[in-house]
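Have a look at the structure below before the remarks.
The values are calculated or read from the model by the stated rules, or taken from the named source; none is laboratory data. This one's a predicted model, so the numbers in the text were calculated from it and none came from an experiment. Because the Cβ atoms are built from the backbone with ideal geometry, glycine has one as well, and the counts that use them run over all protein chains shown.
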Amino acid sequence: MLETKKSLNKIVSDLTVPIKSHKGFIIWVAFLLAVMGLGFYAYSVQLREGLGATALTDYISWGLYISSFIFFVATALIGMLVSAVLGLTGIKWITPIARIAEMIAVGFAMWAGLIIVFDMGRPDRLLNVFLYARVQSPIFWDVTVVTTYIVISIILFLLPLIPDMVFLQKTMKDQPKWKQKIYKMLSFGWKGTPEQYKIIKRSIRLLSILIIPVALAIHTVTSWLFAMTPRIGWDSTIFGPYYVAGAFAAGAGALLIVMFFIRKSYNLQDYITDFHFDKIGKLLVLTLLVYLYFNINEYIVPGYKMKRGDDHHLFALFAGKNAILFWSVQIFGMILPILLLLWGKMRKPVPLLIISIAVVMGAFMKRYIITVPTLEHPQLPTANIPVDFMIYWPNWIEWSITSMAIAGAVLIVTILAKLFPVMPIWEIAHEEGISEEEMNNFEVE
Amino acid sequence: MKHTKKIFTAVVIMLLSINVFAQWKIPAEAKKQTAPTENSVDAALAGKLIYDTKCKACHQIPGATGMKAPAPPDLGIESFLNKTDGEIFYQISEGMGGMPPFKSQLSEEDRWNIVHYLATGRASCTVDMSTALQNLELKVEIIDDKKQIKAIVSGGNVDCVKVGFFVKRYFGLLPIKVVETDSSGMVTTTFPNDISGDKDGNTEIVVKFDNPDRHGKAEVTKKIKWATPVHYINPLEKRAMWGVGAKAPLWILFSYIGITFSVWAVIIFVILQILKLKKAKNEVE
């Protein structure tokens, strides 16, 4: 993939120099922190006043937070798709982007866990989920898999870092002490012995296999939070794969966005090439096509039968009060990207960036379309309900806190990309034909 | 809206005033009519339940006020108690002035039951409105071998005290019987054999009278053990999806533990492998 052979020194310096440069970094982090600051203030209001401070009601009790939660879990799934599914099939071109995918997985999975806490009126009772755990409850399964996925993602992020730590220790001598300490600690005494390589490779392989069922579980269980109830619009047997398919599309979109900006700001055009964009673009259109297939199933099966209740729900989506949002999401977030991405010209970095932003925004709003309209149709016959119980639109507190979550996840990706090389140096060097012995004897020129 | 209310009030006052001056014209045959059903305690109790929902709002508890006018009058006054069964039945059926006819709303049996209920005051008790409030006392005796409950009212003029027997249920009191005392102040009732209790047949009965104007209030609760035993199977006691955590179905419990344990075993194994890296370094050196 990399046209000309690169020397180890060039690879190390290409990947470590951007870490040291702080051009624009401070402004970017300041911006993210400002967004998070607003969200933090909003959360302090919500903590003081309870969920009454939000636009949520006892009818529409799942709103923007839960929609965001699904979106975050969905986005986090890309780590598994790239580093495990593609990695285990022996695809070599994922080497430069696998770590980026893993960073997204770590950042978004962590904030997914936090968003659940934001949706609690009494977060001080969080421990009760465990103290009074019911193993029958999908919520308890969800807590379990989210935690497990976060742990596996972190380990799977750290494992391929271990051999890189030696390079960092040697090149980062001018960096602050705390950074050097982190590098030393995370190197776990790496010397590059055959035994160590064996352990690392075996562990990565083991976790790559393990993360596939766990990642499928995390999003299937998330879908079960909905599908295990008999509610109209959620009562669907394909919700698990439907969510997973959507998650891969959202994740591939997010990966393309992050790839674009990292490549640009870190000058990694030699490593993340148009070839990679083309490939991930193809992956995106594939996942979108699968997602389209599930969408057709999800809507045409109840839509053909039009059972009582389903008719109201589907009418609201297709032609009623949710129609504008629904069709925007379906057209701009799925159908149009599919049509465009079938052309090779559209799978170049800039068009892909624009399409990916549309896909990711569509993915976000799609979760909203799944969550809220169902709650707008109560299960039991109702009478004399205040009109505002039936209408929901998130207020500034919810938007601020959700923005804080998005900024927080992006901040984690930013910090990880600033602390560690965005690609595994040793694996890239390995692909360049550089021997393990040469890597062990690496000295800064 | 304001106008509607005013007009409504005016109409009601008009109807009421018509009633005061109106005379009940009751055909002679109707006066002679007698009840097709026997005046049993059950019939009177059924009548009381209907009276409480249909009549009480206007007529109050019979004997509570003793008011003859303005209409609607107290149905415990002497002039009313002197009426025949047939007369009262006719009045309930046909209505008059402000009182609507009930023949279309209530079945004939229901209407006779109301007559029976009102007659419980008529037949045995003459309401003496001159009696001032006397706080009577209530004692309850349980006669186990006969499954009977005996209420003893004492402490003054104990004639005509309406005593109610009830069974305690989850959401209130189930009436068994309402009986008026005679001059001895004693009433006895037999416990019905179709009342369910707990698995050993235990339940609680409540005996009370409540007439704040004449007799005061008293209530006694007693435990009895002759209710029909009911072996209630609590669906929460077996392992089920809807149970508490400790009552989870075994298949889901084992699946959860099995899967979680296996996954975490691999994770811990990998963590141990990472910690072994340092050892692997030393071996070479």
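Across the stretch B:251-259, a minimum of one residue is classified as more than 10 Å from chain A (Cβ to nearest Cβ), assigned to a helix (DSSP H, G or I), within 51 Å of the chain's Cα centre (by Cα) and not charged (D, E, K, R).
Does A:G79 qualify as being at pLDDT below 90 and in a helix (DSSP H, G or I)? Judged against the criteria, A:G79 is a match. Selection of the stretch A:242-267 for residues being of a type in the set (S, T, Y) and either free of Cβ contacts under 8 Å to residues at least 60 places away in the same chain or surrounded by 23 or more Cβ atoms within 10 Å (Cβ to Cβ) (or both) yields A:Y242, A:Y243. In the stretch B:262-281, the residue that is surrounded by the fewest Cβ atoms within 10 Å (Cβ to Cβ) out of those that are farther than 13 Å from A:L210 by Cβ and either hydrophobic (A, V, I, L, M, F, W, C) or more than 7 Å from chain A (Cβ to nearest Cβ) (or both) is B:L272. Return yes when B:N234 is out of contact with any Phe, Trp or Tyr (no Cβ under 7 Å at 6 or more places or on another chain), under 30 Å from A:V143 (Cβ atoms) and in a loop (DSSP other than H, G, I, E, B) and no when it is not. So B:N234 passes the test. The number of residues in the stretch B:66-103 being part of a loop (DSSP other than H, G, I, E, B) and free of Cβ contacts under 8 Å to residues at least 60 places away in the same chain comes to 19. Selection of helices (runs of 4 or more DSSP H) fully inside the stretch A:135-240 by the criterion of at least 3 residues being facing chain B (nearest Cβ under 8 Å) returns A:138-158, A:194-227.
Within the stretch A:108-132, residues that are over 30 Å from A:A254 (Cα atoms) and within 14 Å of chain B (Cβ to nearest Cβ) sit with their Cβ atoms under 7 Å from residues that are assigned to a helix (DSSP H, G or I) and not polar (S, T, N, Q), at 6+ positions apart or across chains, in these pairs: A:V129/A:F140; A:V129/A:V143; A:Y132/B:G245. For A:I415, the requirement of being over 24 Å from A:M120 (Cβ atoms), surrounded by fewer than 20 Cβ atoms within 10 Å (Cβ to Cβ) and at pLDDT 90 or above is met.
Among the residues of the stretch A:284-342, those that are within 24 Å of A:R231 (Cβ to Cβ) and not in a helix (DSSP H, G or I) comprise A:M306, A:K307, A:R308, A:G309, A:A319, A:G320, A:K321, A:N322.
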